[in-house]
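The next block holds one structure in the form of structure tokens; read it before the comments.
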Amino acid sequence: KLGSGSQTHPADTARNVLVRAKFMFAEDLAKYSHIYVTAILRRIGAAFLLEKEIAARDDLSIEKRSFEWDTMLDDRVRNGPTLGELLTDQNGMAFLDDGISGADFTSGLFDANGPEVLESLSLTERRKLLFGSD
């Protein structure tokens with residue numbers, strides 16, 4: 001979807017497509033920066049707690065950035081608070097839209113992962129989406 005969103009004409013050069021894709025990524029990062037920053041801070045916090053836990057135990061010697069380290073860190077991140085919980089204030093006001101999930105960020109571009117209503121697109125846009133513009 002990223003390619004079809006960045007390519008406006010069949011004769012677009014790769015350079016033009018990549019320039020438009022770069023701007024699309026920048027807009028996406030700015031729009032959802034609060035989610036990205038919260039996810040990064042959640043992982044950093046889990047890593048800090050894991051370091052403290054390993055340092056406190058004499059019987060546990062795990063090298064940082066090893067496969068075992070990454071596995072333990074991933075477990076702590078998964079078992080920790082969700083982004084939805086972290087992005088909710090004390091009064092219960094959510095800063096994370098209910099319609100947003102992790103699957104929306106699989107390509108790195110949120111808007112490219114959302115379902116598009118085909119009926120709202122013109123025939124040309126539908127063909128472009130389904131078959132590409134090549």
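The values are calculated or read from the model by the stated rules, or taken from the named source; none is laboratory data. For clarity, every value in this text was computed on a predicted model and none was experimentally measured. Please note that ligands, DNA and RNA were not included when accessible areas were found on the heavy atoms of the full protein model with its side chains. Shrake-Rupley method; radii C 1.70, N 1.55, O 1.52, S 1.80 Å.
Available extension along the chain between Leu123 and Asp89 is 7.8 nm, counting 0.36 nm per residue and deducting the alpha carbon span.
The HN-Hα couplings worked out from phi for the range 15-26 by the Karplus form 6.51 cos²θ - 1.76 cosθ + 1.60 (θ = phi - 60°) are 4, 5, 5, 5, 5, 5, 5, 4, 5, 5, 5, 4 Hz, whole numbers, x standing for Gly and Pro. With the full set of protein chains in place, find how many percent of the accessible area of the range 24-70 is carbon and sulfur; take the probe as 1.4 Å. The nonpolar share, carbon plus sulfur, comes to 62 percent. Quick one: grab the alpha carbon gyration tensor of the range 12-66, order the square roots of its eigenvalues as a ≥ b ≥ c, and give me rounded if a/c is under 1.5, else prolate or oblate depending on whether a/b is larger than b/c. Oblate, because a/c is 1.5 or more while a/b does not exceed b/c. For Asp59 and Arg43, the difference between the fully extended length at 0.36 nm per residue and the C-alpha to C-alpha distance is 3.3 nm.
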